[in-house]
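Participant: Could you have a look at this structure, given as structure tokens, before my questions?
Only the coordinates and a few stated rules stand behind these numbers; no lab work does. What you are looking at is a predicted structure, and each value in this text was computed from that prediction instead of being measured. Backbone-built Cβ (ideal geometry, glycine too); neighbour counts: all protein chains shown.
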Amino acid sequence: MNLTQLIQRNLPAQPWAEGEKIPWNEPAFSQRMLKEHLTQEHDAASRRAITIKKHIRWIQNFILARKTAHILDLGCGPGLYCAELARLGHTCHGIDFSPASIEYAIKTAPANCVYTLGDLRTVDFPTGFDLALFIFGEFNVFQAAHAKTILQKAQAALRPGGKILLELSTFDAVDQIGNQPASWYTSPGGLFSPNPHLCLMESFWDEDQSTATERYLILEENSPIAHYASTTQAYSPEEITRLLTSCGFEKISFHDSLTGQATPSPEDFFVIVAEKA
Ligand SMILES: C[S@@+](CC[C@H](N)C(=O)[O-])C[C@H]1O[C@@H](n2cnc3c(N)ncnc32)[C@H](O)[C@@H]1O
């Protein structure tokens, strides 16, 4: 993209028309993203260790009732949840398409953890799991057909009576993402580029499809303008219930958070647990 193309860009950006999501699976990007997963300074790509421990306590006590389980972690990133669960005696299988995250997960894996580098939309899921996790709102960043395929594959991967735990962005959180004003920042080198750059960001809420599309334009000296986009689907409780039911799940329950508790600040995420019918 050059400056003229930037000025003539489509307004508003259409959902999923300019790319699915930020390039988690691109090797150099995934190396830079790994630093964001592992830092204890913020909760952006993965939560900090102290928060993950609280989530694991709730999963262990409330979802698993302290019984040893075989667990599938979809979009596992660097395996931070799998590693904690494995320490409690569970066996875990994480799948992610970020090469740097999976390399890190394998390098640091306890014996009872395995990982697959693969795209959740296309890779075969192994079977026989008691619990499938899909954490931190990434489920929302799939278009409807892919979201359905992933749920169907997760359902088939569970043993009878096995459960899926989805952590989704709330409808209001997605609405807010889509309605943020355009903004920008400069960086001497960061997530989108290792070189000094300017990042221009704009967001679009699509009322008909209930989606937020974020566009990122990366400008650096002597390079074409790089262009990324990510679309997030908002689900009402009724919509996600219908989708889960159509994919063979029942006994659907809603929870305030991965600690099971509501927090005083407005919530960005909520949790759904459902059983293989
Ligand atoms: C927000 S991060 C969360 C990582 C991890 N669940 C956690 O909470 O620490 C989302 C993860 O989903 C992965 N992801 C996104 N789309 C994917 C796809 N199509 N196939 C496999 N992994 C995907 C990304 O690579 C990233 O590691």
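Participant: Working carefully through the options SER223, SER210, SER193, find the one that is in contact with a strand residue (DSSP E or B) (Cβ under 6 Å, 6 or more places away or on another chain) and without any contact (Cβ under 8 Å) to a residue 40 or more places away in the chain.
Facilitator: Criteria check complete, one pass: SER193.
Participant: Still on this model: Being loosely packed, with under 15 Cβ neighbours inside 10 Å and either under 21 Å from the mean Cα position of the chain (by Cα) or closer than 15 Å to GLY94 by Cβ (or both) narrows it down to one residue among ALA45, ALA49, ALA65; which is it?
Facilitator: ALA49
Participant: Conditions: (1) surrounded by 22 or more Cβ atoms within 10 Å (Cβ to Cβ); (2) within 28 Å of THR211 (Cα to Cα). ILE102 meets all but one. Number of the miss?
Facilitator: Evaluating ILE102 over (1) surrounded by 22 or more Cβ atoms within 10 Å (Cβ to Cβ); (2) within 28 Å of THR211 (Cα to Cα) leaves (2) as the failure.
Participant: Follow-up question, since we're still on this one. Only one of (1) in contact with a strand residue (DSSP E or B) (Cβ under 7 Å, 6 or more places away or on another chain); (2) exposed (fewer than 13 other Cβ atoms within 10 Å of the Cβ) is not met by PHE139, so which one is it?
Facilitator: For PHE139, the failing item is (2).
Participant: Residue by residue through the range 242-264, note down the ones that are more than 19 Å from the chain's Cα centre (by Cα) and outside any loop (DSSP other than H, G, I, E, B).
Facilitator: Selection gives ARG242, THR245, SER246, PHE249, GLU250, LYS251, ILE252, SER253.
Participant: Every residue in the range 265-277 that is part of a strand (DSSP E or B) and either exposed (fewer than 15 other Cβ atoms within 10 Å of the Cβ) or of a type in the set (A, V, I, L, M, F, W, C) (or both), please.
Facilitator: Passing the criteria: PHE269, PHE270, VAL271, ILE272, VAL273, ALA274.
Participant: Among the numbered criteria (1) over 21 Å from TRP24 (Cα atoms); (2) touching a Gly at 6+ places or on another chain (Cβ under 6 Å), which single criterion is violated by GLU238?
Facilitator: If we test GLU238 against (1) over 21 Å from TRP24 (Cα atoms); (2) touching a Gly at 6+ places or on another chain (Cβ under 6 Å), just (2) comes out false.
Participant: From the set of residues in the range 214-230 that are outside any loop (DSSP other than H, G, I, E, B) and in contact with a helix residue (DSSP H, G or I) (Cβ under 7 Å, 6 or more places away or on another chain), which is nearest to GLU20 (Cα to Cα)?
Facilitator: Checking each candidate, the answer is SER230.
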